[in-house]
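A short worksheet on the structure shown next.
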Ligand SMILES: [Zn+2]
Ligand SMILES: [Zn+2]
């Protein structure tokens, strides 16, 4: 096996193991969860942006196609809205969760489990509460108007991770905040889930030619998410998982064509979405011929 092949097979599992297990270790060792998540996210961005230069999946995808300005504007709005929405939703639900635990006479979250086990459980739970909202964003015409903005680019690179209309960010943010807050997961577990979202969200859209092998059954990143961005609806309406594919396997929506390295073209049919960020904000509220 050539050095380049070893590199492309090992990048993803090694990075996931180092960043996520490193995060579990650092939090277990008593470091502040928000600091660990912040540093881990910063390291992940630096790593993914560097790897896109060293081992691109498509060299031309590293060049702007008139989309970069809007993508850069989505970055702060994505984090800003999540920072506003999640605590408000979570606060309301924490109260509901406390009432529920009281009524049941027991805690809902297995806080006595090792941190790594709690983290894995949280990933499975959060995925369920993101799988369905994401699927509805594709299957309900009114919701698709919002999500089409994430899907209209003809290339994928790290900034596509946060390219989402604010309506979609609020919609998914509410569903994502519900399960863990309701169950009473700790700040440590929430920080690790945040770190996993950042790292895997970056690898999901990254323009890196990394290989996955059997990991295509577990992670919704790289080639598996490229299929989800295919121009062909028959390929695109699959692989809804945001970090993992367990629920796609369970509900029969996992898709991979092993004969090909990825879809021929990305984007959406009848694309009338404007290039400017400000004009894109109004897109969902205008009439649509497919409705
Ligand atoms: Zn989608
Ligand atoms: Zn995507």
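Numbers for the structure displayed
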quantity	calculated
Failed item in (1) in contact (Cβ under 8 Å) with a residue 24 or more places away in the chain; (2) farther than 26 Å from residue 52 by Cβ, with residue 252 passing the rest	(1)
Pick from region 160-173, criterion within 11 Å of residue 82 (Cβ to Cβ) and in a helix (DSSP H, G or I), ranking: modelled with the lowest pLDDT	173
Residues of region 223-247 satisfying the condition of being more than 16 Å from residue 205 (Cβ to Cβ), under 17 Å from the mean Cα position of the chain (by Cα) and within 12 Å of ligand 1 (Cβ to nearest atom)	237, 238
Answer from 142, 146, 171 - the residue that is over 25 Å from residue 118 (Cβ atoms), free of Cβ contacts under 8 Å to residues at least 60 places away in the same chain and either surrounded by fewer than 20 Cβ atoms within 10 Å (Cβ to Cβ) or more than 12 Å from ligand 2 (Cβ to nearest atom) (or both)	171
Test: residue in region 254-269 that is over 22 Å from residue 9 (Cα atoms), touching a strand residue (DSSP E or B) at 6+ places or on another chain (Cβ under 8 Å) and in a helix (DSSP H, G or I)	no
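The values are calculated or read from the model by the stated rules, or taken from the named source; none is laboratory data. Note that the coordinates shown come from a computational prediction; the quantities given were computed from them, not determined experimentally. Note: ideal-geometry Cβ built from the backbone for every residue, glycine included; neighbour counts use all protein chains shown.
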